[in-house]
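Note sheet for the following structure.
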Amino acid sequence: MSSKTKYPYFDSLEILLENDFVFKPFKPLVPVKAGNIVPDFAFSKDFGRWHQFTNGADSHALIPFAKLKTKPVVIAFYSQHWGQLAIEQLLRLNELNNEVKAIGGNLVVISPQKESLLNKLAWEHNLSLTFYFDPKNEIAQHFRVYNEDSPVWTLFSGVDENVPLLATYVINPLKQVVYHHLDLDLVESFSTNDVLTSVYEAANYSNDRKSA
């Protein structure tokens, strides 16, 4: 009596394995620091990416593109998803904005999105700041404070969006970083004195080069 198989024969090579998810390698953020040069860094002249406030109200003043190239710039990365820490950062930046301009610099807050509550926030806190919107995080990636493969929610609890780190830089006209602060412990913000000193020294260095 011959035996018959209950199930048809199959070759194991016929089995197709499908990944349940696409694996993305984790890439730790390695932000630029003082002494580094950011050669590809540049602001767009698209006015739709800029928003200025003066004493809480919309300002329609012209963007000083020439000064942004020839003077030191304080660059602060901001996102509403940092919650109260983000608001506190804006308040500190607002306090030193006029001093930065008085000693020959400019200050720009870079945000990945035009948040709907920004006008309300500016009005409530009487902000006099210039915002630049970086929807694709291009500038944030140049400064290496953002990477699609290193979402901040893996590093900090309470943040549910992949946004740039809370970071503050001073850049001289040669696109060299002369000051940096990375708020990695979410405890100590940037030093106002160090920011102003860096702007002052960078502005004087630029003036000395022009007069030489």
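The values are calculated or read from the model by the stated rules, or taken from the named source; none is laboratory data. Quick caveat, the model's predicted, so the values are computed rather than measured. Here Cβ is always computed from backbone atoms with ideal geometry, including for glycine, and neighbour counts include all displayed protein chains.
Please state which one of Phe131, Phe77 is closer than 18 Å to Asp46 by Cα, within 12 Å of the chain's Cα centre (by Cα) and among the aromatic types (Phe, Trp, Tyr).
The match here is Phe131.
When the residues of the stretch 121-179 are narrowed to those that are out of contact with any helix residue (DSSP H, G or I) (no Cβ under 8 Å at 6 or more places or on another chain) and among the charged types (D, E, K, R), which ends up nearest to Leu29 (Cα to Cα)?
Checked the stretch 121-179; the qualifying residue nearest to Leu29 (Cα to Cα) is Arg144.
Can you find a residue that is modelled with pLDDT of 70 or more, assigned to a loop (DSSP other than H, G, I, E, B) and within 27 Å of Val178 (Cα to Cα) anywhere in the stretch 48-58?
Taking every residue of the stretch 48-58 in turn, none turns out to be modelled with pLDDT of 70 or more, assigned to a loop (DSSP other than H, G, I, E, B) and within 27 Å of Val178 (Cα to Cα).
So Lys45 ticks every box in (1) surrounded by 19 or more Cβ atoms within 10 Å (Cβ to Cβ); (2) in contact with a Phe, Trp or Tyr (Cβ under 9 Å, 6 or more places away or on another chain) but one. Which box is left unticked?
(1)
Within the stretch 186-204, can one find any residue that is over 18 Å from Ile75 (Cβ atoms), modelled with pLDDT of 95 or more, touching a helix residue (DSSP H, G or I) at 6+ places or on another chain (Cβ under 8 Å) and surrounded by 14 or more Cβ atoms within 10 Å (Cβ to Cβ)?
no
If you go through the stretch 96-152, how many residues are of a type in the set (Val, Ile, Thr) and under 15 Å from Ala167 (Cβ atoms)?
Within the stretch 96-152, residues that are of a type in the set (Val, Ile, Thr) and under 15 Å from Ala167 (Cβ atoms) number 6.
Does the stretch 13-38 hold any residues that are surrounded by 10 or more Cβ atoms within 10 Å (Cβ to Cβ), in a loop (DSSP other than H, G, I, E, B) and at pLDDT 85 or above, and which are they?
Val30, Pro31, Val32, Lys33, Ala34, Asn36, Val38
May I ask you to list the residues in the stretch 64-78 that are in a loop (DSSP other than H, G, I, E, B), buried (at least 18 other Cβ atoms within 10 Å of the Cβ) and either in contact with a Gly (Cβ under 8 Å, 6 or more places away or on another chain) or modelled with pLDDT under 90 (or both)?
Of everything in the stretch 64-78, those that are in a loop (DSSP other than H, G, I, E, B), buried (at least 18 other Cβ atoms within 10 Å of the Cβ) and either in contact with a Gly (Cβ under 8 Å, 6 or more places away or on another chain) or modelled with pLDDT under 90 (or both) turn out to be Lys71, Pro72.
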